[in-house]
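Asks: This is the structure I want to talk about, given as structure tokens.
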Amino acid sequence: MIIDAHHHLWDPGDRPYPWMEASVAAIARPFRDADLRDALAGAVTAGTTVSGTVVVQAAHDIGETRWLLDREPPVLGVVGWVDLQPPDVADVLDELHATPGRVPLVGLRHMAQNEPDPAWLARPDVVRGVGLATRAGLTMDLLVRSREARAALALVDATPDGTFVLDHAAKPRIDVSGPGEPGFADWAALLTAFAARPNVVCKLSGLFTEAGPDWARRPVRAHVDRILEVFGPARTLFGSDWPVSSLRMPYGAVVERTVAMLDALSPTERADVLGGTARRAYRL
């Protein structure tokens, strides 16, 4: 069973999404359950079946998290958002766990790449909040680029009992760099640093978006191969990043092309990337 461990639902009419600038105008509209079902049907048409998904926050708004929790299958879990810095984080998490919902809260994410302070993730109050989330049984997704990587690694080291998911493989600049170029080497070294921490897994997601409009001519496969080499299939999980990925291609094509790039793996290894790692990381 394929699990898509990274997609979004949103309604810009309900709350602001500051990152929705002119470059993403095509997706600056509501995406709800019916849109997800249509996308999954498109994957079946393309020859693959996604049986379960994880929806991930896209706004620093606890109202969005509560809204996302009111989903139903095929959504298996929610990676939401709470303010990690106040002293009452544990109470907020208890309230979210107690809120009647159709799917469980399985993780949290803060879009650290948008913080003015690159060291935000290493702030003592944030580290404390993540520790409380870990004790509540939640996984932490890390949305970072190289600018925030040092702080993210410090957070991981300070929370050895936590489970961390490196979203979009730390967002490599596939649009400008490939094997043999400095940018690729720098990203690969960063990936290796995260992989050296056994409590980090890597999300194979967002790579077509990072490759840019000319994605078909960029070395997406080389980046996938490096992720699998560094983390191994048992610590790699698939996510589409839909509907952001629809800026590059239809949902079914994202799934189909990703599965095709796993052709060198054994059936057991493919099963890990396409579902097993997600089940373990998010306790689905």
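Taken together, the values in this text are just the output of simple stated rules run on the coordinates, not laboratory data. Just so we're clear, the structure is a prediction, and the values are computed from it rather than from any experiment. Because the Cβ atoms are built from the backbone with ideal geometry, glycine has one as well, and the counts that use them run over all protein chains shown.
Asks: Rounded to the nearest Å, what's the spacing between the alpha carbon centres of region 102-117 and region 161-234? Just the number, please.
Replies: 20 Å
Asks: Now, a different point. Tell me the Kirkwood radius of region 40-129: reciprocal of the mean inverse pair distance over distinct alpha-carbon atoms, in Å.
Replies: For region 40-129, inverting the mean 1/r across all distinct Cα pairs yields 14.6 Å.
Asks: Another question about this same structure. Within the chain, what percent of beta bridges assigned by DSSP are antiparallel, to the nearest 5?
Replies: 5 percent
Asks: By average Cβ neighbour count within 10 Å, what is the ranking of 245-257, 180-192 from highest down?
Replies: 245-257, 180-192
Asks: For region 17-88, what D do you get in µm² per second when you plug the Kirkwood radius from alpha-carbon pairs into Stokes-Einstein at 20 °C and 1.002 mPa s?
Replies: It comes out at roughly 151 µm²/s.
Asks: If one computes P(r) from the Cα atoms of the chain, what percent of pairs lie at distances over 37 Å?
Replies: For the chain, the share of Cα pairs beyond 37 Å comes to 6 percent.
Asks: How big is Rg to Rh over region 1-46, alpha-carbon atoms, Rh as the Kirkwood inverse-mean-distance radius?
Replies: For region 1-46, the value is 1.03.
Asks: Right, here's the next one. Starting from the Kirkwood radius over alpha-carbon pairs of region 220-284, derive D by Stokes-Einstein at 10 °C in a medium of 1.306 mPa s and give it in µm² s⁻¹.
Replies: Estimated via Stokes-Einstein, D reaches 129 µm²/s.
Asks: Write down, largest first, the equivalent ellipsoid semi-axes of region 127-168 in whole Å, where each equals the square root of 5 times an eigenvalue of the alpha-carbon gyration tensor.
Replies: After scaling each eigenvalue by five and taking roots: 18, 11, 7 Å.
Asks: At a threshold of 8 angstrom on Cα-Cα distance, excluding pairs fewer than six apart, so keeping six or more, what relative contact order does the chain reach in percent?
Replies: In percent, rounded to a whole number, it is 20.
Asks: Among rounded, prolate and oblate, which fits region 161-284 when a ≥ b ≥ c are the square roots of the eigenvalues of its C-alpha gyration tensor, a/c under 1.5 means rounded, and a/b larger than b/c means prolate?
Replies: Oblate.
Asks: Which three numbers, in whole Å and largest first, are the semi-axes of the equivalent ellipsoid of region 54-194 derived from its Cα gyration tensor as √(5λ)?
Replies: For region 54-194, the semi-axes come out at 28, 18, 12 Å.
Asks: Amide H neighbours of Leu142 under 5 Å, counting only residues 5+ apart in sequence or on other chains, H built in-plane at 1.01 Å?
Replies: Residues meeting the criterion, in which the H sits 1.01 Å from N, are Val165, Leu166, Asp167.
Asks: Projected area of region 86-141, taken from the Cα convex hull and averaged over every viewing direction, in nm²?
Replies: Averaged projected hull area, Cα only: 4.2 nm².
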